[in-house]
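Following: one structure in structure tokens, then a few remarks.
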């Protein structure tokens with residue numbers, strides 16, 4: 001049973017467009033929600049993260065929106081660039097569960113020039 | 001700093017063979033993790049360690065064993081490989097309980113025939 005559900009599995013966006021990836025969770029004990037970016041042949045790397053007491057966090061062209069009541073959070077990539085083409089994973093952590101990360105299934109993003 | 005390194009990068013095994021995957025980190029991190037990555041399933045935690053000499057089971061521990069004899073190394077063993085263990089394996093490390101970011105290695109691609 002996947003505790004963090006991520007959609008879509010893949011998306012194609014034109015250069016300059018907006019990429020939106022959504023995640024939903026069930027466990028209300030989750031207290032930290034990171035997004036990881038993975039390029040082909042590489043390991044994932046932390047992109048941006050948010051805590052549930054904040055509704056939005058922005059770092060450059062990347063924004064996390066967090067809806068605690070709906071138990072959903074999303075990643076928005078503004079002005080998408082070909083260099084953003086990668087697989088993106090959302091994740092969630094619960095201190096009560098030993099601070100282990102639970103990952104979503106991943107979204108492969110392709111930005112066309 | 002090399003960060004997190006993994007050995008080997010790629011390996012082919014026959015069913016029933018054994019092997020050990022090595023993860024090393026030079027950041028003096030307390031926590032280390034082993035994940036497997038399969039298409040559409042994100043990263044699933046196999047085993048983890050919260051310090052030298054400690055290990056604990058993750059989400060999918062069956063068929064794997066681990067050891068953390070030295071703080072900088074975390075070994076993942078497959079005693080009798082099965083085709084279902086064909087996957088990409090990632091090691092990650094985290095500084096301490098108060099630092100959330102996990103740093104991933106480049107991965108080991110394993111094919112079990």
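We did not get these values from a lab; they are worked out from the coordinates using the rules stated. Quantities reported herein were computed from a predicted structural model and do not represent experimental measurements. All Cβ positions, even for glycine, are placed from backbone atoms using ideal geometry, and neighbour counts span all protein chains on display.
Using Cβ counts within 10 Å as a stand-in for footprinting exposure, how do B:112, B:12 rank, fewest first?
With the sparsest Cβ surroundings first, the list reads B:12, B:112.
Springs between alpha-carbon atoms under 10 Å, Gaussian network over chain A: tell me which of A:94, A:69, A:85 tops the mean-square fluctuations.
Among A:94, A:69, A:85, the largest mean-square fluctuation in the Gaussian network model of chain A belongs to A:69.
Per residue of B:88-97, how many C-beta atoms from partner chains lie within 10 Å of its own C-beta, taken as a mean?
Counting other chains' Cβ atoms within 10 Å and averaging over B:88-97 gives 2.
For chain A, take N as its residue count and report Rg(C-alpha) divided by 2.2 N^0.38 Å.
1.02
Please work out the FRET efficiency for the pair residue B:10 and residue B:95, using the Cβ-Cβ distance as r and a Förster radius of 25 Å; give the result to the nearest 0.05.
With a Förster radius of 25 Å, E is 0.30.
Roughly how many Å is it from the Cα centre of the stretch A:39-70 to that of the stretch B:88-103, as a whole number?
Rounded to whole Å, the Cα centres lie 17 Å apart.
Can you pull the mean other chain C-beta count within 10 Å for peptide A:3-9?
Mean inter-chain Cβ contacts per residue within 10 Å come to 1.
Can you put A:35, B:34 in order, fewest other beta carbons within 10 Å first?
A:35, B:34
Can you pull the one-decimal nm distance between simple spin-label points at residue A:28 and residue B:113, each 7 Å off the Cα toward Cβ?
In this crude label model, residue A:28 to residue B:113 measures out at 5.4 nm.
For chain B, modelled as a Gaussian network with Cα springs under 10 Å, which listed residue fluctuates most, B:21, B:75, B:43?
Of B:21, B:75, B:43, the Gaussian network model singles out B:43 as fluctuating most.
Taking springs between alpha-carbon atoms closer than 10 angstrom, which of B:67, B:18, B:49 fluctuates most in the Gaussian network model of chain B?
Per the Cα network of chain B with a 10 Å cutoff, B:18 tops the list.
Provide Rg and Dmax in Å for chain B, with only Cα atoms included in the calculation.
Values for chain B (Cα only, Rg and Dmax): 13.2, 42 Å.
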